[in-house]
Amino acid sequence: MAETLKVVVTGAAGQIAYSLLFSVAKGDVFGKDQNCCKSCPLFLLDIVATDDPMVAFKDADAAFMVGAMPRREGMERKDLLKANVKIFKAQGQAMDQVSKKNVKVIVVGNPANTNACILSKYAPSIPKANFTCMTRLDQNRAQAQIAAKLGVGNDQVSNVIIWGNHSSTQFPDVAHASVTIQGKTVPVPEAVKDDSYLKNEFIKTVQQRGAAVIKARKLSSAMSAAKAACDHMRDWFCGTGDKWVSMGVISDGSYGIREGLMYSYPVRIQDKTWSIVQGLTINEFAREKMDATAAELSEELDAAMAECEA
Ligand code: NAD
């Protein structure tokens, strides 16, 4: 049995956590031989249920930040940012004081990218690389669209990229993706043979998928979001091998994106350390989409920072 991990799940009473906790407890994330101590109720192991961040984040090894203020009818974007800045500021300050310095954090609660920036800002003693946000759900959706189009299993499609914000400006990009069909691996654009679909319907479907789920269920995605959060954390702990995965990470200026934005990039992970996949060719179409989602994130971050200083 490996050393016990302390895993924090915020928003543990919500619908995403309902599926997430089960997967963590079952060993889908950290391994079947990994004991976990969770800050929320489930059926096994050490459990701490608390609403005190100083207790919840104490000695945390991993944190799923699912709890956030949801957008309500009539609420302006700035009101949402204001409410979330308060939540993530308090949680960041607690983490700074009591979590392990190598704690690995995924922010799921929206606006996920900017919430992750705020969390990191208020936990300066923890490396910025330890704060990430989830765009894996978008990646999984993009992969599923391509797999369905080509009539193959989702796992036959690899290296689909989500660039930017987890919002409707995100850029799902298959220019560097490949698919294995009947044992032969080929570039996705070559297999799909429909540039117009890839530039229009495909991108729009992935960007609007969250809204479509809300329309159908009257609730946002829960099980698929929980699965994606588990995929993200499992790859962070266990590595990605040859594949790339997308996650929101702090920008170091790669691909001309403003430094300090929590921007979704393709990454490789080895020894629990992610690195942005470098050297990809970016054409004019991609450049425009990548810049548009960066502009939205810049605006969000500036508004959130102004709120922090207010
Ligand atoms: P939910 O409303 O069912 O659950 C959220 C829970 O968080 C609630 O139980 C609420 O009481 C709790 N909460 C609120 N403020 C809190 C705080 N300060 N500390 C701790 N807990 C707090 O929502 P859900 O469907 O589970 O979704 C959670 C979040 O995930 C939402 O912000 C949603 O928009 C977001 N989301 C993100 C993605 C993604 O891909 N990044 C996908 C789906 C949903």
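A few remarks follow.
- Matching residues in the range 281-297 - criterion: being surrounded by 17 or more Cβ atoms within 10 Å (Cβ to Cβ) and within 30 Å of Gln93 (Cβ to Cβ): Thr293, Ala294, Glu296, Leu297
- In the range 160-219, residue farthest from the ligand (Cβ to nearest atom) [restricted to those that are of a type in the set (A, V, I, L, M, F, W, C) and without any contact (Cβ under 8 Å) to a residue 12 or more places away in the chain]: Val186
- Residues satisfying the stated conditions in the range 46-78, i.e. farther than 23 Å from Lys227 by Cα, of a type in the set (Val, Ile, Thr) and within 11 Å of the ligand (Cβ to nearest atom): Thr50
- Wholly enclosed helices (runs of 4 or more DSSP H) of the range 77-164 bearing at least 2 residues under 12 Å from the mean Cα position of the chain (by Cα): 112-121, 136-150
- The set of residues in the range 14-25 being free of Cβ contacts under 8 Å to residues at least 24 places away in the same chain and near the ligand (Cβ under 7 Å from one of its atoms) is empty.
- The range 260-278: number of residues that are of a type in the set (Phe, Trp, Tyr) and either in a helix (DSSP H, G or I) or touching a Gly at 6+ places or on another chain (Cβ under 9 Å) (or both): 2
- Considering residues of the range 82-96 that are buried (at least 18 other Cβ atoms within 10 Å of the Cβ) and near the ligand (Cβ under 8 Å from one of its atoms) only, the residue nearest to Ala306 (Cα to Cα): Ile87
- Checked against (1) free of Cβ contacts under 8 Å to residues at least 40 places away in the same chain; (2) buried (at least 23 other Cβ atoms within 10 Å of the Cβ), Ala147 meets all criteria but (2).
Conditions (1) under 24 Å from Asp28 (Cα atoms); (2) among the basic types (Lys, Arg); (3) assigned to a helix (DSSP H, G or I), marked per residue:
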| residue | (1), (2), (3) |
| --- | --- |
| Arg209 | no, yes, yes |
| Ala212 | no, no, yes |
| Ala226 | yes, no, yes |
| Arg234 | yes, yes, yes |
| Asp242 | yes, no, no |
| Leu280 | no, no, no |
| Asp291 | no, no, yes |
| Glu300 | no, no, yes |
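- Scope the range 63-95; condition among the hydrophobic types (A, V, I, L, M, F, W, C) and closer than 21 Å to Met233 by Cβ; matching residues: Ala63, Phe64, Met65, Val66, Ala68, Ile87, Phe88, Ala94, Met95
- Among residues of the range 109-145, those that are among the polar types (S, T, N, Q) and in contact with a Gly (Cβ under 8 Å, 6 or more places away or on another chain), counted: 5
- Taking first residues from the range 66-80 that are within 18 Å of Glu307 (Cα to Cα) and partners that are among the hydrophobic types (A, V, I, L, M, F, W, C) and within 14 Å of the ligand (Cβ to nearest atom), the Cβ contacts under 6 Å between residues at least 6 apart in sequence or on separate chains come to Met69/Ala83; Arg71/Leu80.
- Summed over the range 118-159, residues that are touching an Asp or Glu at 6+ places or on another chain (Cβ under 6 Å) and either among the aromatic types (Phe, Trp, Tyr) or away from the ligand (no atom under 16 Å from the Cβ) (or both) total 1.
Read the figures in this text as sums done on the coordinates, not as results from a lab. All figures in this text were calculated on a predicted structure; none of them were measured in a lab. Neighbour counts are summed over all protein chains in view; Cβ atoms, including those assigned to glycine, are modelled from backbone coordinates with ideal geometry.
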